[in-house]
Amino acid sequence: MSSDAPATDRIRLHPSWKARLQDAFASPGMAELRSFLLQERELGQAVYPPAAEIFAALDSTPFEQVRVVLLGQDPYHGPGQAHGLSFSVRRGVEVPPSLANIFRELQSDLGLPRPRHGDLSAWARQGVLLLNASLTVRAGQAGSHADKGWQPFTDAVLQALDRERDGLVFLLWGRHAQRKAAFLDGKRHLLLTAPHPSPLSAHAGFLGCRHFSRANAYLVAHGSAAIDWRLPD
């Protein structure tokens with residue numbers, strides 16, 4: 001998101017998404033957001049993920065390949081954690097508590113062994129769009145960019161999927177994600193809601209939700225292959 005080039009010129013973004021999001025990128029709100037992010041960095045504020053990875057979710061999972069949308073709140077705000085895929089961390093980075101609870105539910109639901117790392121790229125390659133409601137965050141301050149302009153952009157992402165695709169699964173974990181359900185068609189897609197997997201709320205209904213098996217059952221019933229939720233070592 002350079003200040004001396006159109007917004008889509010220097011970012012890693014799959015062409016299938018770039019074509020559908022031209023209006024969102026050209027909006028006044030996105031121009032304001034770009035200015036805000038540049039100002040953050042000029043002021044010496046660390047912003048996660050790195051600029052080249054802000055749109056990694058949309059680059060990793062082309063529009064036509066999306067089968068499941070796993071919607072998070074905003075990126076991890078600790079150093080070295082966020083790399084543009086919701087809930088994911090690179091290999092070698094300690095698994096954060098929310099992701100540990102996701103793995104706990106995965107083991108309980110499908111009987112899979114807990115992964116040895118937190119890199120969810122294998123899910124993205126299978127059509128799981130690992131999207132956050134806000135795509136950036138200030139270091140150490142969860143939710144700090146939630147009201148800076150990302151919401152209309154991620155709304156546009158979800159609206160494009162809702163409008164042009166059928167038979168998708170939306171995993172909406174936590175209140176921020178569940179607000180997006182207002183413009184999703186629950187008759188044409190499967191909307192699964194649960195509390196956020198954070199240790200503060202996971203025991204209030206996330207653990208035991210069985211969203212992984214329910215998502216696969218829906219995909220298979222609608223003529224799609226199940227997601228292999230295992231993460232290779």
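Overview of results
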| quantity | calculated |
| --- | --- |
| Qualifying positions in region 166-175 - at pLDDT below 95 and either over 19 Å from the mean Cα position of the chain (by Cα) or part of a loop (DSSP other than H, G, I, E, B) (or both) | 174 |
| Residue under evaluation residue 196, criteria (1) modelled with pLDDT under 95; (2) open to solvent by 60 Å² or more (accessible area, probe 1.4 Å), criterion not met | (2) |
| Count of region 199-233 residues which are over 21 Å from residue 165 (Cα atoms), free of Cβ contacts under 8 Å to residues at least 60 places away in the same chain and surrounded by fewer than 17 Cβ atoms within 10 Å (Cβ to Cβ) | 4 |
| Residue 136 vs. criteria surrounded by fewer than 18 Cβ atoms within 10 Å (Cβ to Cβ) and of a type in the set (Val, Ile, Thr) | no |
| Odd one out for residue 67, checked against (1) farther than 19 Å from residue 212 by Cβ; (2) touching a Gly at 6+ places or on another chain (Cβ under 7 Å) | (1) |
| Number of the condition not met by residue 197 [criteria: (1) under 19 Å from the mean Cα position of the chain (by Cα); (2) farther than 25 Å from residue 119 by Cβ] | (2) |
| Number of the condition not met by residue 52 [criteria: (1) aliphatic (A, V, I, L, M); (2) part of a helix (DSSP H, G or I); (3) more than 15 Å from the chain's Cα centre (by Cα); (4) surrounded by 15 or more Cβ atoms within 10 Å (Cβ to Cβ)] | (4) |
| In region 22-40, the residues that are of a type in the set (D, E, K, R) and within 13 Å of residue 151 (Cβ to Cβ) | 32 |
| Candidates 130, 161, 135, filtered to the one that is part of a loop (DSSP other than H, G, I, E, B) and within 15 Å of the chain's Cα centre (by Cα) | 135 |
| Criterion: open to solvent by 40 Å² or more (accessible area, probe 1.4 Å), at pLDDT below 95 and in contact with a strand residue (DSSP E or B) (Cβ under 6 Å, 6 or more places away or on another chain) - qualifying residue of 151, 141, 178 | 178 |
| Residue 109 vs. criteria closer than 24 Å to residue 163 by Cα, in a helix (DSSP H, G or I) and among the acidic types (Asp, Glu) | no |
| Breaking point among (1) modelled with pLDDT under 95; (2) open to solvent by less than 40 Å² (accessible area, probe 1.4 Å), for residue 189 | (1) |
| Residue within region 172-191 that is among the aliphatic types (A, V, I, L, M), in contact (Cβ under 8 Å) with a residue 40 or more places away in the chain and touching a Leu at 6+ places or on another chain (Cβ under 8 Å) present | yes |
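Here's the yes/no breakdown for (1) surrounded by fewer than 20 Cβ atoms within 10 Å (Cβ to Cβ); (2) assigned to a loop (DSSP other than H, G, I, E, B):
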{"site": "30", "(1), (2)": "no, no"}
{"site": "35", "(1), (2)": "yes, no"}
{"site": "64", "(1), (2)": "yes, no"}
{"site": "70", "(1), (2)": "no, no"}
{"site": "78", "(1), (2)": "yes, yes"}
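The values are calculated or read from the model by the stated rules, or taken from the named source; none is laboratory data. No experiment lies behind these values; they were computed from the predicted model shown. Virtual Cβ from ideal backbone geometry, glycine too; neighbours counted across all protein chains shown. Remember, those area values only see protein heavy atoms, side chains included, never the ligands or the DNA or RNA. Shrake-Rupley method; radii C 1.70, N 1.55, O 1.52, S 1.80 Å.
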